[in-house]
Amino acid sequence: MSEDFESTTVPGGQVHLWSTSRFHTITMVAYWVWPLQRETVTAATLLPHVLLRGTRNLPEFDDLQNAFSDLYGASIQADAKRKGDLVTLEFVVQVPAGQRIAEGLDLTRPALELLGQVLWDPLVVGDGFEEDRVHREKEQHRKRIASLMDDKMLYAAQRCTAEMFAGQAYAAPRYGFEEDLAQISGASLYALYEQIRDGGSFHLFVAGPVDPDQVVAFAAKWGRAGVRGDWSAGEPFMADRPVKMVEEVMDIQQGKLNIGYRTGSAWRDQDFPAMMMYNGVLGGFPHSKLFINVRERANLAYYASSRLDAHKGVLYVMTGIPSDHRDTVMEIVDRQVEAMARGEINDEEWTWTRIGLQNQYRELQDSPYGMIDMRLAGILHGVSRSPGEMIEALDAVTEEEVAAVGRRVQKDTVYFLRGKEGTEDAGTEV
């Protein structure tokens, strides 16, 4: 199966097309890419949700949603995500392909037209977005921010990142800061929209059975010629400093021990497949060292895993533990990291990790959105990798290469969220 997107430059951005009959739906994803900044992250992550509130021609939320639904159940969703030192505003449209409709209608053009209205022709009142709908969406955004606080696993992960990247924009929570919401008005948000619209990097991806010329013509019609940013997702995070230890106390029953490591290996690096194998063997799967040694053998964790941030080149170990077992768990984690640096990987860990990673990429080949997201990562890092290429690269990785990247891994930040003394599970083994 071809995994190739063909890219075309249009006024104001690029169009990336994967014309294939493999899928029964057409997936369209429009991205605005903007630098991640402390002062704008809250408004930037709020913006896509406000744009879905309505357009000039379809001013009400229900009007817009019904217009998509009338295209045989087409849909649109919007969100904002982090890609290294960048924030991406994404708008995802899915529409049935013509061959799946009895009348054989081609819904590409009407779906693109609706998407174009959302992106380029929003409802404006006076000099900004309507204050009432901005207010309502701010309240929803407040709930999004609070939800990260309520989920203590997510909260601990974010706090570890914030401490590791203190003083940098990357320390900001995914949806920004609740205290910033009060300062956002319809006019200020529209001003940011204009900056992103005219100066952000714009990418339109379309995957499915489509006419490429039709899509390119749409993008050329709506695009705007301007001074566009061409930003990178950033270099791998490296620092030469002592390990940072942070402890926080809350009224919780389960402690959260998160450890951040510098790896020196990110998406664009040649040894990135070896780093993926490293993460998989260390903590990416139920057969991995952390799960087996911390949770199963020592019986000291509710969960124990690791996650690799491909954009920043950092690795996080995440565990949920009884609060008074922090030091014991840290010792076990340290031993697993040291074993990886020595290349101590058994046949089961190696074989099942490679199979697990390759299966993830095979599944990705059946996901238009997943393929698009992977291609965007390649664009932002200047190194494209397809699922097929990654499957082959993982086959070629050696144990010595994994040990070599392991010897570069450096502990940077330890964040521990523990319960107050007297919490029910304190001192209780799992």
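When N counts the residues of the stretch 302-348, how does its alpha-carbon radius of gyration compare numerically with 2.2 N^0.38 Å, as a ratio? List each step's numbers first, then the result.
Values: Rg = 12.5 Å, N = 47, 2.2 N^0.38 = 9.5 Å.
Normalised Rg, Cα atoms only: 1.32.
Which is farthest toward the positive dipole end of the chain among V249, F68, G284, measuring Cα position about the Cα centre, with Cβ charges +1 (Lys, Arg) and -1 (Asp, Glu)?
The residue sitting most towards the positive pole is V249.
Any idea what angle helix 326-341 forms with the longest principal axis of the chain, computed on alpha-carbon atoms, 0 to 90 degrees, nearest 10?
Helix 326-341 sits roughly 80 degrees off the main axis of the chain.
Does anyone have the angle between helix 108-120 and the longest principal axis of the chain? Alpha-carbon axes, 0 to 90°, nearest 10?
80 degrees
How many angstrom lie between the C-alpha centres of the stretch 342-394 and the stretch 42-70?
Distance between centres, Cα-based: 35 Å.
If W34, W222 are ordered by their accessible area, calculated over protein heavy atoms with a 1.4 Å probe, which sequence runs from highest to lowest?
Final ranking, largest accessible area leading: W222, W34.
Taking only the alpha carbons of the chain, what extent do you get along each of the three principal axes, in Å, biggest first?
Taking the Cα atoms of the chain, the three principal extents are 62, 49, 41 Å.
For the stretch 79-212, max minus min Cα coordinate along each principal axis, in Å, sorted largest first?
So the extents along the principal axes, rounded to whole Å, are 55, 39, 28.
Over the chain, what is the relative contact order in percent, taking alpha-carbon pairs closer than 8 angstrom and at least six residues apart?
Numbers: 825 pairs, mean separation 90.0, N = 430.
Result for the chain is 21 percent.
Assigning unit charges at the beta carbon (Lys, Arg +1; Asp, Glu -1) and nothing else, what dipole magnitude in debye, to the nearest 20, does the stretch 314-407 show about its Cα centre?
400 debye
May I ask you to give the solvent-accessible area per residue for the chain, in square angstrom, as obtained with a 1.4 angstrom probe? Show your work: numbers first, answer last.
Values: 18090 Å² over 430 residues.
It amounts to 42 Å² per residue over the chain.
Can you list the residues, at least 5 places off or on another chain, whose amide H is less than 5 Å from the amide H of D412, using H built in the peptide plane?
Counting only residues 5 or more places away or on other chains, the set is G260, Y261, R262.
Leaving out same-chain residues fewer than 8 places away, which lysines sit with a Cα under 24 Å from that of K138?
Counting by Cα, and skipping residues close in sequence, K138 has these lysines nearby: K81, K83, K152.
Using a 1.4 Å probe on the protein heavy atoms only, what accessible surface does S147 show? Give it in Å² to the nearest 10.
The accessible area of S147 comes to roughly 60 Å².
Keeping every protein chain in place, order I26, I292 by accessible area at 1.4 Å, biggest value first, i.e. largest first.
Descending accessible area places them as I292, I26.
Determine how large the accessible area of T328 is when every protein chain is in place; take a 1.4 Å probe and give Å² rounded to the nearest 10.
Its accessible surface works out to 60 Å², give or take rounding.
Give a residue-ordered list of calculated ³J(HN,Hα) values for the stretch 28-36 (Karplus: 6.51 cos²θ - 1.76 cosθ + 1.60, θ = phi - 60°; whole Hz; x for Gly, Pro).
For the stretch 28-36, the Karplus-derived couplings read 10, 10, 9, 10, 10, 10, 9, x, 6 Hz, x marking Gly and Pro.
Compute the angle between helix 387-396 and the longest alpha-carbon principal axis of the chain, please, reported from 0 to 90 degrees and rounded to the nearest 10.
Tilt of helix 387-396: around 20 degrees.
Taking K244 as the anchor, which lysines have their alpha carbon closer than 20 Å to its alpha carbon, excluding any fewer than eight residues away along the same chain?
Candidates past the 8-residue exclusion: K256, K312, K411.
What is the magnitude of the charge dipole of the chain about its Cα centre, with +1 placed on the Cβ of each Lys and Arg, -1 on the Cβ of each Asp and Glu, and no other charges, expressed in debye to the nearest 20? If you can, show how the numbers build up before the last one.
Numbers: 44 positive and 64 negative charges, 90 e Å.
Dipole size: approximately 440 debye.
Among the aspartates and glutamates, select those whose C-alpha is under 13 Å from the C-alpha of K221, and discard any that sit fewer than 8 residues away in the same chain.
By straight Cα distance, K221 reaches E113, D121, D213.
Just going by the charge dipole of the stretch 300-430, with Lys and Arg at +1 and Asp and Glu at -1 on Cβ, which of G370, V383, A339 is farthest out on the positive end?
Checking the options against the dipole of the stretch 300-430, the answer is V383.
If you take the charge dipole of the stretch 116-270 about its Cα centre, with +1 on Lys and Arg Cβ and -1 on Asp and Glu Cβ, which of Q183, H203, Y261 is farthest toward its positive end?
Positive-most Cα among the choices belongs to Y261.
Using a basic spin-label model with each label point 7 Å from the Cα along Cα→Cβ, how many nm lie between D334 and S21?
According to this spin-label approximation, the distance is 6.2 nm.
Place a +1 charge on the Cβ of each Lys and Arg in the stretch 38-188 and a -1 charge on the Cβ of each Asp and Glu, then give the dipole magnitude about the Cα centre in debye, rounded to the nearest 20.
Computed about the Cα centre, the dipole is about 560 debye.
Just to be sure I understand: if I project the alpha-carbon convex hull of the stretch 1-114 onto a plane and average over all orientations, what area do I get in nm²?
If you wrap the Cα atoms of the stretch 1-114 in a convex hull and average its projections, you get 8.7 nm².
In what sequence, largest accessible area first, do M149, M330 appear using a 1.4 Å probe?
Per-residue accessible area, sorted high to low, gives M149, M330.
In the full protein assembly as shown, how much of D251 is accessible to a 1.4 Å probe, in Å² to the nearest 10?
Result for D251: roughly 120 Å² accessible.
The values are calculated or read from the model by the stated rules, or taken from the named source; none is laboratory data. A quick note: this is a predicted structure, and the numbers were derived from the prediction, not measured. Backbone-built Cβ (ideal geometry, glycine too); neighbour counts: all protein chains shown. These area figures cover heavy atoms from the full protein model, side chains too; ligands, DNA and RNA do not enter into them. Shrake-Rupley method; radii C 1.70, N 1.55, O 1.52, S 1.80 Å.
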